[in-house]
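Visitor: One structure follows; several queries about it will come next.
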Amino acid sequence: MYRLYGALSVLGAVLLISLFGFYLNKTTSDSIIDHLDASFESAEEGKTDRAIDEINEAQKLLHSRLETMFLFVSHRKLDEIEQCINKSKYYLINNDLTSFYVYCSSSLELIRDYRDMEYPTFYNIL
Amino acid sequence: MIISVIRTIILYVLILFAVRMMGKRQISEMQTSELVITLLMSNIATIPMQDTEQSMLSGIVPIMILLVCEILISYLMLKRSGIRKLVCGKPVIVINNGIIEQKAMKELRLSTEDLFSQLRQKDIFDIAEVAYAVIETNGTLSVLKKSQDDNIKAKDLKIKTQPSELKVVVISDGEFADSSMRFCGLEKDKIKRILKKENTSLDEVFIMTADSSGAYQIIKKEGK
């Protein structure tokens, strides 16, 4: 009987870990998407300072949670997102808006993919 | 590289824990589903061991889920025979009252060579000796010999025998085995007295076995 209780405890622990991972990835990705969206729109409206602030916020948020997020997903995916955001910031600071739009869009696409891949949908499961 | 070393140690401990939780059955006694799950677990464990870019939890979580499923299924199989039949199948009689069940063998895809090979492993070289043979759910063959070909037992001859006593190792390589001592109701002092009577000491003993009736056997270390 202790095996069954042990198994149920393990199941509980695994579910908690998975839910925590899901919650962390979702909230972080949502916040980063909001900041990147705001940065993109601000750049379009010509508010470069605000765009830089927003991208800085996105970068800071990603940095602060990166290590915990590494626990749940492959390092490669997050490294790719981080590099893309860094490049967007670089082009934004150097006023190369065309390249900024390209990199910011791909950052948004990557982070949306990253967020969506954890949803337990029919397509993701299959 | 150091990350791989640490991860391997962690996963080794985890796999040991998982195998321990799954029970004590040996590979030959495992049900097919248990064997597949054991292989699957070891396969999953190798991924985060080798690929340090991969998160370790992505290996640990599936291993734990497989372990939980295995334990839950085995618990359900204990409680519900229907589930047991569904997961493990049921034993199939391949020799019934000395007659080979050809239809059953076809269904099992069991060749005559396989059947005879398994019979030979049970020291049966003549099929005429077999009354019943059953393929168990884990694929092993159980055989009931015809009564005239079976070994004679003491009770057949109505001979009175001594009750069997289980002998356990109470000293191994000069060290007491506490759980075995408890099993046969011996204490350290009593064993020391026996050793004194046998003119030997604890350090000189390679193996000492004893049973609950008080019988014992001492094998000394070589050169002592």
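Visitor: Of the residues B:Ile37, B:Ile73, B:Ile44, only one is touching a residue at least 40 places away in the same chain (Cβ under 8 Å), β-branched (Val, Ile, Thr) and buried (at least 17 other Cβ atoms within 10 Å of the Cβ); which? Spell out how you get there, then give the answer.
Guide: Details: B:Ile37 fails: touching a residue at least 40 places away in the same chain (Cβ under 8 Å); B:Ile44 fails: touching a residue at least 40 places away in the same chain (Cβ under 8 Å).
Criteria check complete, one pass: B:Ile73.
Visitor: Identify the single condition in (1) more than 16 Å from A:Ile32 (Cα to Cα); (2) open to solvent by less than 50 Å² (accessible area, probe 1.4 Å) that A:Ile93 does not satisfy, given that it satisfies every other one.
Guide: The number of the failed condition is (2).
Visitor: What tally of residues in segment A:2-38 results from selecting those that are in contact (Cβ under 8 Å) with a residue 60 or more places away in the chain, touching a Lys or Arg at 6+ places or on another chain (Cβ under 8 Å) and away from chain B (no Cβ under 14 Å)?
Guide: Looking only at that region, the number is 4.
Visitor: Still on this structure, please answer the following. Does A:Phe20 fit the bill of being hydrophobic (A, V, I, L, M, F, W, C) and touching a helix residue (DSSP H, G or I) at 6+ places or on another chain (Cβ under 6 Å)?
Guide: no
Visitor: Return yes or no: is B:Ile47 within 21 Å of A:Tyr2 (Cα to Cα) and β-branched (Val, Ile, Thr)?
Guide: Working: within 21 Å of A:Tyr2 (Cα to Cα): no; β-branched (Val, Ile, Thr): yes.
Answer is no for this residue.
Visitor: So, one more: Out of A:Ile33, A:Ile17, which single residue is farther than 16 Å from A:Pro120 by Cβ and either surrounded by 15 or more Cβ atoms within 10 Å (Cβ to Cβ) or polar (S, T, N, Q) (or both)? Give the steps one after another, and end with the answer.
Guide: Values: A:Ile17 fails: farther than 16 Å from A:Pro120 by Cβ.
Matching residue, one of A:Ile33, A:Ile17: A:Ile33.
Visitor: How many residues, within segment A:55-82, are away from chain B (no Cβ under 12 Å), over 12 Å from the mean Cα position of the chain (by Cα) and open to solvent by 30 Å² or more (accessible area, probe 1.4 Å)?
Guide: Residues that pass the stated criteria total 2.
Visitor: What's the total number of residues in segment B:96-126 that are more than 25 Å from the chain's Cα centre (by Cα) and either small (Gly, Ala, Ser) or not assigned by TED's automatic domain parsing to the domain that holds B:Val143 (or both)?
Guide: 3
Visitor: For segment A:37-85, what are the residues that are within 29 Å of B:Leu57 (Cα to Cα) and of a type in the set (A, V, I, L, M)?
Guide: Within segment A:37-85, A:Ala58, A:Leu61, A:Leu62, A:Leu66, A:Met69, A:Leu71, A:Val73, A:Leu78, A:Ile81, A:Ile85 qualify.
Visitor: Considering only segment B:47-70, how many residues are open to solvent by 60 Å² or more (accessible area, probe 1.4 Å), modelled with pLDDT under 85 and under 16 Å from B:Tyr12 (Cα atoms)?
Guide: Residues flagged as open to solvent by 60 Å² or more (accessible area, probe 1.4 Å), modelled with pLDDT under 85 and under 16 Å from B:Tyr12 (Cα atoms) within segment B:47-70 amount to 1.
Visitor: Out of A:Tyr103, A:Tyr91, I need the residue that is away from chain B (no Cβ under 14 Å) and touching a Cys at 6+ places or on another chain (Cβ under 8 Å). Which one? Reasoning before the result, please.
Guide: Working: A:Tyr91 fails: touching a Cys at 6+ places or on another chain (Cβ under 8 Å).
Exactly one residue qualifies, and that residue is A:Tyr103.
Visitor: Also, I was wondering about something else. Do we find that B:Leu119 is surrounded by 14 or more Cβ atoms within 10 Å (Cβ to Cβ), within 14 Å of chain A (Cβ to nearest Cβ) and at pLDDT 85 or above in this structure?
Guide: Working: surrounded by 14 or more Cβ atoms within 10 Å (Cβ to Cβ): yes; within 14 Å of chain A (Cβ to nearest Cβ): no; at pLDDT 85 or above: yes.
Taking the combined requirement at face value, the residue does not satisfy it.
Visitor: Turning to a different aspect of this structure: Looking only at segment B:58-80, how many residues end up being at the interface with another protein chain (Cβ under 9 Å from one of its Cβ atoms) and in contact with a Pro (Cβ under 7 Å, 6 or more places away or on another chain)?
Guide: 1
The values are calculated or read from the model by the stated rules, or taken from the named source; none is laboratory data. Just so it is clear, the structure is predicted and the values come from calculations on it, not from any experiment. Every residue, glycine as well, gets a Cβ built from its backbone with ideal geometry; the counts of neighbours run over all protein chains shown. Only protein heavy atoms, including side chains, enter the accessible area calculation; ligands, DNA and RNA are left aside. Shrake-Rupley method; radii C 1.70, N 1.55, O 1.52, S 1.80 Å.
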